[in-house]
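**Student:** One structure coming up, written as structure tokens, with questions to follow.
The values are calculated or read from the model by the stated rules, or taken from the named source; none is laboratory data. The shown structure was predicted, so the numbers you read here are calculated from the model rather than taken from an experiment. Neighbour counts run over all protein chains shown; Cβ positions are idealised from the backbone, glycine included. Please note that ligands, DNA and RNA were not included when accessible areas were found on the heavy atoms of the full protein model with its side chains. Shrake-Rupley method; radii C 1.70, N 1.55, O 1.52, S 1.80 Å.
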Amino acid sequence: MLTYVAKRLLMTIPTLLGAAVLIFFMLRVVPGDVIEVKLRGDGASVTQDVIDAERRRLGLDKPLPEQFTSWIAGLTRLDPGLSMWTGKPVVDEMSVRLPLSIQVAVMGALIATLIAVPMGTLSALYRDSPIDYLLRIFSLVGLAVPAFWFGMVMILLLLWLFNWLPPVIYTPFHVDPIANLSQLIWPALVVGIRYAAVVARMVRSSVIEVMKEDYIRTARAKGLAEKVIIIRHAMKNAMLPAITVIGLEFAFLMGGLVVTEQVFNLNGIGQLFVQAVAHRDFVLVQNIVMFIAAVFVFTNLAVDLLYAAIDPRIRYR
Amino acid sequence: MIAPNTLRMEKSASPGLVPVGPPSPGRALLTVNDLHVHFVQAGGVTRAVEGVSFSVRQGQILALVGESGCGKSATALALMRLLARPAGRVVKGEVLFDGVDLLKLSEAEMRERRGRDISMIFQEPMTSLNPVLSIGEQLMEPLIAHLGMNKQAARARSIDLLTMVGLTDPERRLEQYPHHLSGGMRQRVMIAMGLACNPKLIIADEPTTALDVTIQAQILELMRDLSRRLNIALIIITHNLGIVARYADSVNVMYAARLVERGDADAIFARSSHPYTVGLIDSIPRLDRPRQGRLSTIEGMPPDLMALPAGCRFAPRCPHRVDKCDHDPSLVAVEPGHLSACWRAGELVTGALQARATATDALLSIGPATAPVRVTVQELKRHFKVSAGRGWFSGAATVKAVDGVSFDIRQGETLGLVGESGCGKSTIGRAILNLDAVTAGSIIIDGQNIADKRAREVRRRTQVIFQDPFSSLNPRMSVSEIIGEPLAVYKFEPDAQRIEARVQELLGQVGLMPYMAERYPHELSGGQRQRVGIARALALKPSIIVCDEPVSALDVSIQGQIINLLDELQQRLGLTYLFIAHDLAVVRHISHRVAVMYLGRIMELADRDELYRNPRHPYTQLLLDAAPVPDPVIERGRRPRVAKGELPSPINQPKGCVFSTRCPMATVECSQAVPALRQIADGHYVACIKVEPC
Amino acid sequence: MKLGAITTSVSVPSRARPTGWRKMMQFATTQPLGAAGLVTALVMAIAGALAPLIAPYNPVAISFSDMLAPPSWEHPLGTDNFGRDILSRILYGARTAIVMGLVSALIGSTLGAIIGVVSAYFGGVVDLLIQRVVDIFLSLPIIVLALVVVAMLGRNLVLGFDFNLILAISIPIVPQVARVVRSSALSIREMAYVDAARVAGYSTRRIIFRHMAPNLMAPYLIMLTAFIAQAILLEASLSFLGLGVTEPSPAWGLMLAGNAVDFYRQAPWMIIFPGLAISLAVFSFNLLGDSLRDWLDPKARLR
């Protein structure tokens, strides 16, 4: 088991390295960078010397391969460089905002899973019943409604119903859980809704497929109670594809954060990313993207391990 | 009420299985009266079962026979009340089990009986066990649910059960998962599960259709012995008349949702009194008789169960049709215990009506030994690597799909290539078609190596007919496009009009009507698709055709039609065939010479008559023994030797002779060297060191 | 023995070949929801196309006297903080949404399909390389990928549409489609009819275009429809973030961008209607895509 985990960990390195190469060079295909935008942005006349000095300070005067290797070397020391816009270390910029974003993401995932798994299962077991129609409408709507608009509507509703707005200042959970939750539960609901729609659809079709399997018929022929058949025989099998989707979508939840944080004016990693893109702050962009890729790779790893634990057909070697 | 049974079971749980004599006549255990099953779908109502009645006594083996879609499986599922919901429903009838109508029970009462009084074994052992639960968990389930055993007791009983069904090392098996076991072993587990609570009745729905013939024999022998020994009634649902003849006491023949004939096995086979039964028995090639000319066939197709014809359902296909057949015949006795639903049953049973097709002119003589050699396969090897696990770092293993095979095929000859799944027969076919690269060896056709780039012409003359009639035709092309494409590509015909004419000609050659040209594959039946596949091959003006299991996906009555067609085309066009199949009787019927393969090697190769009359290799002998013959009298006279063990995995091939692990004659030296294919008589080659030349 | 004997007694059934119209009708009757989606999408497209004729106001005309007017006969959906008519802006916005969605999805899906087929057909090193790159792209949410492209390219207006924005929306679609089409192509390549074509000695080109491509049309069409919805959503999101369509062009996402909380209280119609428009467009294309999948699914149609 341990060697299996170690092997899988090793296997993440080429993937992450590939992502780094791709992102780094993609961003630099088109010439031009933040320095000129920043220094000449207001039409101020700045001498070439000043620009060159700033470039040197940020290490942008070196050839691209060298910049790349020094970035990667920095990454391994958790020192991925300086923001091209603010000039502050990227680590500082990101670590300030991470706790908030991670909390919203995890809460969103929890809410979504708690809604989606039972709902998808019920919907599959009572196919074409009112609950099934409800779920199908929910998932179609959940997929169609843009996250940012859903967030706005939620704020509107809070205003109308309670004449209340969520707090705008972030309070860490351990300082004041109530204040923390009353701010973050709303964006979590927003990012959770699309997630829930996707997962519920998956769970539904997965349960429907499994209930058609021969081994379910075998279990019925054995005279087992329907409850036992569903819980013992169907759910374990049906959860396998569902776990994959839950894992994948968790990584993609980061995408939802990008717009949701904007709506709720949360100072999280998503908003930082949008600012970085707007400023063409490549260093910050590439590091945030790497972070998201890493979240994806490691959730995938977790899913694989979970899969191996549930499914005896997958053996660790 | 369970305890005495359990005791009896434990006493008799000896590993050696000794068949006991035929069952003593007892009272009816299960009686089905006038059962009607409908499937309600968007397209309409399928009347899957209509007015079926039969009964089974304790310890009796009853067979329900028929082709696909005749309603035999729907009948079985209806008895267990396991029809797919909500489409399937029993609309009428009663199922009396021990005097209680199962159809009137509540779901909870029915559940109590399922798995305790009545068990069911399904066709697909690969998918019938839950992949994420261990064998032990699945086996103990009914014991705990029905008999209220605790874990220890259930475990002990499970070990007994696994021993009883002949699985070695039962304690370890309990911890294993289904994917650790082969198909045959999984089916044994299913049987053990079925026996768990000492049922009175076991329903087996095509229990061996997915298994190889040697494994099939093992499983059926086991089921018969257990049924006899424990006095369990057994309903076997099958399309295989050989199985019926070998194992059944009583037979029910179904056609188009109805029972058409019933009787004890001897009567059904010796004095068939329904034209469908007659046709079915006559249309299968036989292992026990010399090859006749054409197979007699049942022409046409079974009716659509959504739009049934009035009157006798077999009438449109029946050679003895009379005016009266416009009215429904009922199932009446033609002799004591023998019933038939045919107006002319009386004439049939007395022999007044000559039903049996008289053997027609023996079309096929042995291919001329002087004819030129067309195909030469020399020391062919195809090995490929499979990854032993997931991911990048797991090792790879080599599968030797074909390992040193040589043979040749002469002009106008059919070489049959026969063997169980995974023996490499299809791999050889694909190599000859140049679909896959070979690891070593060569394939020479008409003097040219087919791998040679310049051998295009030779490759075009070598065509193929595939097994699966559903995937072998491009679903987006009409029949005329499929057949016409090669004519246009190779410019065999100058213009569209001539192509059209040639397509019509080819359709006629394969027995399809001109209007079929405009159809798409999904609008055709399996047999029709196979005919289109043949026409497509013929369009390329081939001289050699590789037939890769061309009839194994078809029903018996359709199978005969296709075999006859292939036979006739060979006669008329002078074609040379490589005929790949697992069915020994089919291969015997169509081939001039036969090669028997096992795990990538040829075990025996001889002229057809020589091979079937005088099989020398122990594997050939076992194969022939394992295959049942559709004649209960002959079957009673045979003492089938059952091959021991499972097919070894192609990844870990046995050392020396690949068959040595299962061979009854194997000794130490067999596992030391690979035996060469030696000629022991004129044209008779055997790869076995134990066989003396004669 | 004549070979034709079997079928001679069967009369020729008359049977019309399915025409385009018949197929449409069949789709409408078996997939009423999908047909509803199709109709809604068409209505939106037509409304967008005819916006200059049917829109009551100029969508960019600023009128401070009409600022934040609630819905009325004059302004059925009210006005925004510059006094612009919301209905007119939504109608013109439909243009942007449908054009951007259609063009981006078409570019992305077609490119993805080509890459998928190439990857599947050639296999080996080509396949391995393409798949590694596709995997990396797939590890990023599409909006993140789109934003990376925005950061990379900046702006580039062609014919009034930001071509770089179209690229930013299409590029994330490419790997998604490539993966699905590749796996479909792989399974089709294993089909016996492709083997039969190879045995017949047909050229690679013929096998790909005559035998494989038509069978890939179904997954391609399904993906295309689904990604039109995704593209519309993505364009709206980017515009909302201020990194997509720019003022003063009317775009649904842009209409929701930068709205301060004050407007939530004063003018909820500014928020509600553009969002409804986006949702309806995405919903109808999703519905159409789902129904197309059910309708074209070979599993459902086989046998």
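**Student:** Evaluate the stretch C:129-138: report whether one residue or more is aromatic (Phe, Trp, Tyr), part of a helix (DSSP H, G or I) and more than 25 Å from C:Ala229 (Cβ to Cβ). Full working, then the answer.
**Tutor:** Going residue by residue through the stretch C:129-138, those that are aromatic (Phe, Trp, Tyr) are C:137.
So of that shortlist, the ones also part of a helix (DSSP H, G or I) come out as C:137.
Then drop every residue that is not more than 25 Å from C:Ala229 (Cβ to Cβ), which leaves none.
Within the stretch C:129-138, not a single residue is aromatic (Phe, Trp, Tyr), part of a helix (DSSP H, G or I) and more than 25 Å from C:Ala229 (Cβ to Cβ).
**Student:** Collect the residues in the stretch B:78-104 that are buried (at least 16 other Cβ atoms within 10 Å of the Cβ) and within 14 Å of chain A (Cβ to nearest Cβ), keeping them in residue-number order.
**Tutor:** B:Ala78, B:Leu79, B:Met80, B:Arg81, B:Leu82, B:Leu83, B:Gly88, B:Phe97, B:Leu102
**Student:** Let me ask you something else. Testing C:Val125 on (1) within 19 Å of C:Ile228 (Cβ to Cβ); (2) away from chain A (no Cβ under 14 Å), one condition comes back false. Which one is that?
**Tutor:** (1)
**Student:** In addition: Limited to the stretch C:211-242, what total is found for residues that are within 19 Å of C:Gly289 (Cα to Cα) and within 14 Å of chain B (Cβ to nearest Cβ)?
**Tutor:** 8
**Student:** With the structure loaded, tell me whether B:Arg111 is in contact (Cβ under 8 Å) with a residue 60 or more places away in the chain and either facing chain A (nearest Cβ under 7 Å) or in contact with a Lys or Arg (Cβ under 6 Å, 6 or more places away or on another chain) (or both) or whether it fails that test. Lay out the reasoning, then the answer.
**Tutor:** Details: in contact (Cβ under 8 Å) with a residue 60 or more places away in the chain: no; either facing chain A (nearest Cβ under 7 Å) or in contact with a Lys or Arg (Cβ under 6 Å, 6 or more places away or on another chain) (or both): yes.
The answer is no for B:Arg111.
**Student:** Pull up the stretch B:114-125, narrow it to residues that are in contact with a helix residue (DSSP H, G or I) (Cβ under 6 Å, 6 or more places away or on another chain) and more than 18 Å from B:Ile232 (Cα to Cα), then point me to the one that is farthest from the other protein chains (Cβ to nearest Cβ).
**Tutor:** Here the answer is B:Pro125.
**Student:** Quick one: which helices (runs of 4 or more DSSP H) sit completely within the stretch B:238-306 and have at least 3 residues that are within 19 Å of B:Val587 (Cα to Cα) and open to solvent by less than 40 Å² (accessible area, probe 1.4 Å)? Step through it out loud before you land on a result.
**Tutor:** Details: elements: B:241-247, B:265-270, B:275-283.
Fully inside the stretch B:238-306 and qualifying: B:241-247, B:275-283.
**Student:** Pick from A:Gly247, A:Gly255: which is among the small types (Gly, Ala, Ser), under 26 Å from A:Ile13 (Cα atoms), free of Cβ contacts under 8 Å to residues at least 60 places away in the same chain and crowded, with 24+ Cβ neighbours inside 10 Å?
**Tutor:** Details: A:Gly247 fails: crowded, with 24+ Cβ neighbours inside 10 Å.
Going through A:Gly247, A:Gly255 in turn, the sole match is A:Gly255.
**Student:** Scan the stretch C:190-205 and give yes if some residue there is part of a helix (DSSP H, G or I) and under 25 Å from the mean Cα position of the chain (by Cα), otherwise no. Even if it seems obvious, please write down each step before you answer.
**Tutor:** As a first pass, look at the stretch C:190-205 and keep what is part of a helix (DSSP H, G or I): C:192-199, C:204-205.
Going one step further and asking which of them are under 25 Å from the mean Cα position of the chain (by Cα), we end up with none.
Among the residues of the stretch C:190-205, not one is part of a helix (DSSP H, G or I) and under 25 Å from the mean Cα position of the chain (by Cα), which makes the answer no.
**Student:** Please tell me if B:Val399 is β-branched (Val, Ile, Thr), at negative phi and modelled with pLDDT of 90 or more. So that I can check it myself, show each step before the final result.
**Tutor:** Working: β-branched (Val, Ile, Thr): yes; at negative phi: yes; modelled with pLDDT of 90 or more: no.
Here the answer is no, as B:Val399 does not meet what is asked.
**Student:** In addition: B:Val322 - would you say it is buried (at least 17 other Cβ atoms within 10 Å of the Cβ) and at pLDDT 85 or above? Show your work before the answer.
**Tutor:** Numbers: buried (at least 17 other Cβ atoms within 10 Å of the Cβ): no; at pLDDT 85 or above: yes.
Here the answer is no, as B:Val322 does not meet what is asked.
**Student:** Quick one: B:Ser119 ticks every box in (1) open to solvent by less than 10 Å² (accessible area, probe 1.4 Å); (2) out of contact with any strand residue (DSSP E or B) (no Cβ under 6 Å at 6 or more places or on another chain) bar one, so which box is it?
**Tutor:** Of (1) open to solvent by less than 10 Å² (accessible area, probe 1.4 Å); (2) out of contact with any strand residue (DSSP E or B) (no Cβ under 6 Å at 6 or more places or on another chain), only one is false for B:Ser119: (2).
**Student:** Just one of B:Arg502, B:Arg454 is open to solvent by 30 Å² or more (accessible area, probe 1.4 Å), at pLDDT below 90 and more than 35 Å from the chain's Cα centre (by Cα); which is it? First the steps, then the outcome.
**Tutor:** Working: B:Arg502 fails: at pLDDT below 90.
Criteria check complete, one pass: B:Arg454.
**Student:** Let me ask something else about it. Only one residue in B:Leu162, B:Leu222, B:Leu133 is among the aliphatic types (A, V, I, L, M) and within 14 Å of chain A (Cβ to nearest Cβ). Which one?
**Tutor:** Working: B:Leu162 fails: within 14 Å of chain A (Cβ to nearest Cβ); B:Leu222 fails: within 14 Å of chain A (Cβ to nearest Cβ).
B:Leu133 is the lone residue from the list that is among the aliphatic types (A, V, I, L, M) and within 14 Å of chain A (Cβ to nearest Cβ).
**Student:** Turning to a different aspect of this structure: Just need a number here: residues in the stretch A:16-28 that are part of a helix (DSSP H, G or I), open to solvent by less than 50 Å² (accessible area, probe 1.4 Å) and touching a residue at least 40 places away in the same chain (Cβ under 8 Å). If you could, list the steps in order and put the result at the bottom.
**Tutor:** Let us first name the residues in the stretch A:16-28 that are part of a helix (DSSP H, G or I), namely A:16-27.
Applying the additional criterion that residues be open to solvent by less than 50 Å² (accessible area, probe 1.4 Å) yields A:16, A:18-20, A:22-24, A:26-27.
Remaining after also requiring touching a residue at least 40 places away in the same chain (Cβ under 8 Å): A:16, A:19-20, A:23-24, A:27.
Total satisfying the criteria: 6.
**Student:** A follow-up question, please. Which one of C:Ala105, C:Ala36, C:Ala41 is touching a residue at least 40 places away in the same chain (Cβ under 8 Å), under 30 Å from A:Arg136 (Cβ atoms), within 22 Å of the chain's Cα centre (by Cα) and open to solvent by 40 Å² or more (accessible area, probe 1.4 Å)? It would help to see each step written out before you state the result.
**Tutor:** Working: C:Ala105 fails: open to solvent by 40 Å² or more (accessible area, probe 1.4 Å); C:Ala41 fails: open to solvent by 40 Å² or more (accessible area, probe 1.4 Å).
Every option except C:Ala36 fails the conditions.
**Student:** Within the stretch B:550-570, can one find any residue that is within 16 Å of B:Gly429 (Cβ to Cβ), buried (at least 18 other Cβ atoms within 10 Å of the Cβ) and out of contact with any helix residue (DSSP H, G or I) (no Cβ under 7 Å at 6 or more places or on another chain)?
**Tutor:** no
**Student:** Could you please find all residues in the stretch A:281-317 being buried (at least 22 other Cβ atoms within 10 Å of the Cβ) and farther than 21 Å from A:Thr15 by Cβ?
**Tutor:** A:Asp281, A:Phe282, A:Val283, A:Leu284
**Student:** Could you say whether any residue in the stretch A:165-182 is open to solvent by 80 Å² or more (accessible area, probe 1.4 Å), over 27 Å from A:Thr299 (Cβ atoms) and among the aromatic types (Phe, Trp, Tyr)?
**Tutor:** So in the stretch A:165-182, the residues open to solvent by 80 Å² or more (accessible area, probe 1.4 Å) come out as A:168-169, A:173-175, A:178.
Filter once more, keeping what is over 27 Å from A:Thr299 (Cβ atoms): A:168-169, A:175, A:178.
Restricting the remaining residues to those that are among the aromatic types (Phe, Trp, Tyr) gives none.
Looking through the stretch A:165-182, none of the residues is open to solvent by 80 Å² or more (accessible area, probe 1.4 Å), over 27 Å from A:Thr299 (Cβ atoms) and among the aromatic types (Phe, Trp, Tyr).
Results for (1) under 30 Å from A:Leu82 (Cα atoms); (2) part of a loop (DSSP other than H, G, I, E, B); (3) touching an Asp or Glu at 6+ places or on another chain (Cβ under 7 Å), shown as yes or no for each residue.
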{"site": "A:Gly223", "(1), (2), (3)": "no, yes, yes"}
{"site": "A:Val228", "(1), (2), (3)": "no, no, no"}
{"site": "A:Met235", "(1), (2), (3)": "no, no, no"}
{"site": "A:Pro241", "(1), (2), (3)": "no, no, no"}
{"site": "A:Met254", "(1), (2), (3)": "yes, no, no"}
{"site": "A:Leu272", "(1), (2), (3)": "yes, no, yes"}
{"site": "A:Asn300", "(1), (2), (3)": "yes, no, no"}
{"site": "A:Asp304", "(1), (2), (3)": "no, no, no"}
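**Student:** Looking at B:Val56, B:Val52, B:Val95, B:Val91, which is the one that is modelled with pLDDT of 90 or more and touching a Gly at 6+ places or on another chain (Cβ under 9 Å)? So that I can check it myself, show each step before the final result.
**Tutor:** Working: B:Val56 fails: touching a Gly at 6+ places or on another chain (Cβ under 9 Å); B:Val95 fails: touching a Gly at 6+ places or on another chain (Cβ under 9 Å); B:Val91 fails: touching a Gly at 6+ places or on another chain (Cβ under 9 Å).
Selected residue: B:Val52, the only one of B:Val56, B:Val52, B:Val95, B:Val91 that is modelled with pLDDT of 90 or more and touching a Gly at 6+ places or on another chain (Cβ under 9 Å).
**Student:** Also, quick follow-up: Residue check: is A:Ala278 more than 21 Å from A:Ala196 (Cα to Cα), open to solvent by less than 10 Å² (accessible area, probe 1.4 Å) and facing chain C (nearest Cβ under 9 Å)?
**Tutor:** Details: more than 21 Å from A:Ala196 (Cα to Cα): yes; open to solvent by less than 10 Å² (accessible area, probe 1.4 Å): no; facing chain C (nearest Cβ under 9 Å): yes.
Answer is no for this residue.
**Student:** So which of C:Ala197, C:Ala178 is within 20 Å of C:Phe122 (Cα to Cα), open to solvent by less than 20 Å² (accessible area, probe 1.4 Å), within 9 Å of another protein chain (Cβ to nearest Cβ) and not charged (D, E, K, R)?
**Tutor:** Numbers: C:Ala178 fails: within 9 Å of another protein chain (Cβ to nearest Cβ).
After applying the criteria, what remains is C:Ala197.
**Student:** Could you check how many residues of the stretch A:123-162 are open to solvent by 40 Å² or more (accessible area, probe 1.4 Å), within 13 Å of chain C (Cβ to nearest Cβ) and either in contact (Cβ under 8 Å) with a residue 12 or more places away in the chain or not in a helix (DSSP H, G or I) (or both)?
**Tutor:** Count: 4.
**Student:** Which of the residues spanning the stretch C:136-152 are touching a residue at least 40 places away in the same chain (Cβ under 8 Å) and touching a Ser or Thr at 6+ places or on another chain (Cβ under 9 Å)?
**Tutor:** Those that are touching a residue at least 40 places away in the same chain (Cβ under 8 Å) and touching a Ser or Thr at 6+ places or on another chain (Cβ under 9 Å): C:Ile143, C:Ala146.
**Student:** Here's something else I'd like to know. Considering only the stretch C:260-281, state which residues are open to solvent by 10 Å² or more (accessible area, probe 1.4 Å), facing chain A (nearest Cβ under 9 Å) and either hydrophobic (A, V, I, L, M, F, W, C) or closer than 17 Å to A:Val145 by Cβ (or both).
**Tutor:** C:Val261, C:Pro268, C:Ile272, C:Leu276, C:Ser279, C:Leu280
**Student:** Sticking with this one: Would you tally the residues in the stretch B:336-349 being at pLDDT 90 or above and not in a loop (DSSP other than H, G, I, E, B)?
**Tutor:** Result for the stretch B:336-349: 3.
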